[in-house]
Amino acid sequence: MTFFFVVDHNAERGVLIAVLSLLKAERGEEVHVYILTMRAKSKSRSFKPFSQHAADFIRSLIVADNPNSSLELIDCTENFIKEPPTANMGTRFTPYAMLRLFADELPQIPDRILYLDDDVIIRRPVDQFYTQDLTGTELVGLLDYFGRFFFHNQKKIFDYLNSGVLLLNMPEIKRTGLFKRVRHLMQVKKMFLPDQTATNILAKEKRFAPKKVQRDRQYKLQDRSVIQHFTTSFRFWPYFRTQTVKPWDVKRVHSVLHLHENDDLLNEYLKLKDQL
């Protein structure tokens with residue numbers, strides 16, 4: 001199975017946790033991981049790429065689990081410079097989120113690959129989801145918890161994918177030109193959550209995964225849930241606010257979310273994180 005992340009230096013802890021959870025869930029299976037990164041800056045921010053040292057360390061864990069497994073760090077700086085998301089560079093959008101949209105231009109990327117945000121924990125084997133028939137399908141993801149109400153197509157309801165976990169059919173994406181068209185739309189149109197929104201607007205062959213595949217860490221997590229996604233959420237009591245707790249913030253996972261089910265994984269992370 002093949003997985004990829006699109007991240008900067010600040011995501012190294014998240015990728016470490018996600019990979020540790022992957023190795024635990026798959027138990028010695030052969031896995032191949034691609035990490036897409038770049039050097040980037042905007043008028044107000046500068047970004048450091050995912051470090052070679054962190055990639056080498058995480059690769060050592062993967063290969064120790066199965067010598068046939070691998071990890072490759074790919075610099076996408078030149079791709080980004082050629083097609084920057086011009087209309088969205090001044091927004092809260094993180095440019096690294098766009099890097100997954102260059103997967104169609106990278107010869108290393110195989111025909112079938114599972115994209116993961118860096119704030120996920122894999123709880124169960126993903127083989128059933130990963131090996132599903134993708135005939136006539138560009139990508140498969142989960143219905144966005146809040147986007148299904150606020151950002152859906154005007155002619156449809158419950159049709160807005162969350163981009164945090166996406167199974168990609170690269171030959172079909174290349175055939176339809178989906179990622180190329182999404183990159184262009186991000187250049188010319190300012191949007192909220194531009195990479196996710198543009199993908200939802202332009203993908204005509206998207207499929208929704210069962211809820212059991214991916215569940216937000218605060219909404220009815222069940223034992224059968226395969227992937228736990230630590231997204232930002234809205235809270236309504238005692239006042240309206242957003243709430244963000246990431247898996248590497250172990251103290252807040254306990255004190256705010258009151259979650260302890262991943263303690264063995266997070267304890268392993270705490271032992272290893274200083275080696276990044």
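The values are calculated or read from the model by the stated rules, or taken from the named source; none is laboratory data. Given the structure is predicted, the values throughout are model-derived calculations rather than measurements. Heads up, the Cβs are rebuilt from the backbone with ideal geometry, glycines too, and the neighbour counts pull from every protein chain shown. Areas reflect the complete protein model, heavy atoms only, side chains present, ligands, DNA and RNA absent. Shrake-Rupley method; radii C 1.70, N 1.55, O 1.52, S 1.80 Å.
The distance between label points at F47 and S60 comes to 2.8 nm (points 7 Å beyond Cα on the Cα→Cβ vector). Accessible surface comparison of T91, T135, probe 1.4 Å, protein chains only, largest first: the order is T135, T91. Amide H to amide H, with H built 1.01 Å from N, E205 comes under 5 Å of E138, counting only residues 5 or more places away or on other chains. Of the residues H184, H9, H32, ranked by 1.4 Å probe accessible area with the largest first, the sequence reads H184, H9, H32. A cut-off of 5 Å between modelled amide H atoms, ignoring neighbours fewer than 5 places along the same chain, links T2 with H32, L114. In this calculation the C-beta distance from D133 to H184 is compared with R0 = 30 Å, giving a FRET efficiency of 0.50. Using a probe of 1.4 Å, the accessible surface attributed to T94 totals some 60 Å² when neighbouring protein chains are kept in position. Each of K273 and A87 was given a label point 7 Å from its Cα along the Cα-to-Cβ line. The distance between the two points is 3.9 nm.
Order D127, D133 by their accessible area, 1.4 angstrom probe, all chains in place, largest first. Please report the intermediate quantities before stating the final value.
Working: D127 75, D133 105 Å².
Highest to lowest solvent-accessible surface, that is D133, D127.
Treating each Cα of segment 73-133 as one equal point scatterer and applying the Debye formula with no solvent, the log10 of I(q)/I(0) at q = 0.20, 0.23, 0.24, 0.26 Å⁻¹ comes out as -0.95, -1.08, -1.12, -1.20.
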